[in-house]
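Worksheet for the structure shown next.
The values are calculated or read from the model by the stated rules, or taken from the named source; none is laboratory data. For clarity, every value in this text was computed on a predicted model and none was experimentally measured. A quick note on method: Cβ atoms are made from the backbone with ideal geometry, for glycine too, and the neighbour counts reach across all protein chains shown. Note: accessible area is taken over every heavy atom of the protein model, side chains too, but ligands, DNA and RNA are not part of it. Shrake-Rupley method; radii C 1.70, N 1.55, O 1.52, S 1.80 Å.
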Amino acid sequence: QVSLVESGGGLVQAGGSLRLSCAASGRVFSGNAMGWYRQAPGKQREMVATITWGGSTDYTDSVKGRFTISRDNAKNTAYLQMNSLKPEDTGVYYCSMELPNLAKYWGQGTQVTVSS
């Protein structure tokens with residue numbers, strides 16, 4: 001079992017920045033991939049950014065150039081640096097981890113609210 005705990009959410013004005021962290025514990029095997037997803041009110045959860053064990057990244061188009069995902073494998077922690085935030089970035093942000101055996105785990109989520 002893997003436990004994921006997100007932190008760093010909050011309320012910020014448009015144009016501001018936030019940094020989310022996701023700490024993993026439990027049976028965390030090397031070779032996992034981590035990601036950030038978000039869900040806005042009334043919308044489906046969507047992928048924001050993912051990062052492989054080796055550091056390859058992928059982003060949804062709407063955040064490219066503004067968000068940066070990174071990870072520290074020694075600390076089993078992933079980060080999401082969010083700059084130039086927009087009101088449409090508002091939502092609950094969830095951390096995920098997918099193990100090499102394809103088991104996927106989710107955190108409880110952290111609220112990000114961007115005011116205009």
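Among all residue pairs at least 6 apart or on different chains, which show Cβ distances below 6 Å where the first residue, located in the range 26-45, is under 15 Å from Leu4 (Cα atoms) and the second is among the basic types (Lys, Arg) and surrounded by 19 or more Cβ atoms within 10 Å (Cβ to Cβ)?
Cβ pairs passing all conditions: Met34/Arg71.
Here are some conditions: (1) crowded, with 17+ Cβ neighbours inside 10 Å; (2) at pLDDT below 95. Pro41 meets all but one. Which one does it not meet?
Going through the list (1) crowded, with 17+ Cβ neighbours inside 10 Å; (2) at pLDDT below 95, Pro41 breaks only (1).
Just checking, which of Ser21, Ser62 is at pLDDT 95 or above and farther than 20 Å from Leu4 by Cα?
Ser62 is the lone residue from the list that is at pLDDT 95 or above and farther than 20 Å from Leu4 by Cα.
Please indicate, with yes or no, whether at least one residue in the range 3-20 is exposed (fewer than 15 other Cβ atoms within 10 Å of the Cβ), touching a Phe, Trp or Tyr at 6+ places or on another chain (Cβ under 7 Å) and not in a strand (DSSP E or B).
No.
Being open to solvent by less than 70 Å² (accessible area, probe 1.4 Å), within 17 Å of Ala33 (Cα to Cα) and either out of contact with any Phe, Trp or Tyr (no Cβ under 7 Å at 6 or more places or on another chain) or in a helix (DSSP H, G or I) (or both) is the filter here, so list the residues in the range 72-105 that pass it.
Asp72, Asn73, Asn76, Thr77, Ala78, Tyr79, Glu98, Ala103, Tyr105
Charged (D, E, K, R) and in contact (Cβ under 8 Å) with a residue 24 or more places away in the chain: which single residue out of Lys104, Lys64, Lys75 fits that description?
Only one candidate passes the filter, namely Lys75.
Looking at the range 64-82 only, could you name the residues that are more than 15 Å from Arg19 (Cβ to Cβ) and of a type outside the set (Gly, Ala, Ser)?
Lys64, Asn73, Asn76
Could you please find all residues in the range 21-33 being more than 18 Å from the chain's Cα centre (by Cα) and in a strand (DSSP E or B)?
Selection gives Gly26 alone.
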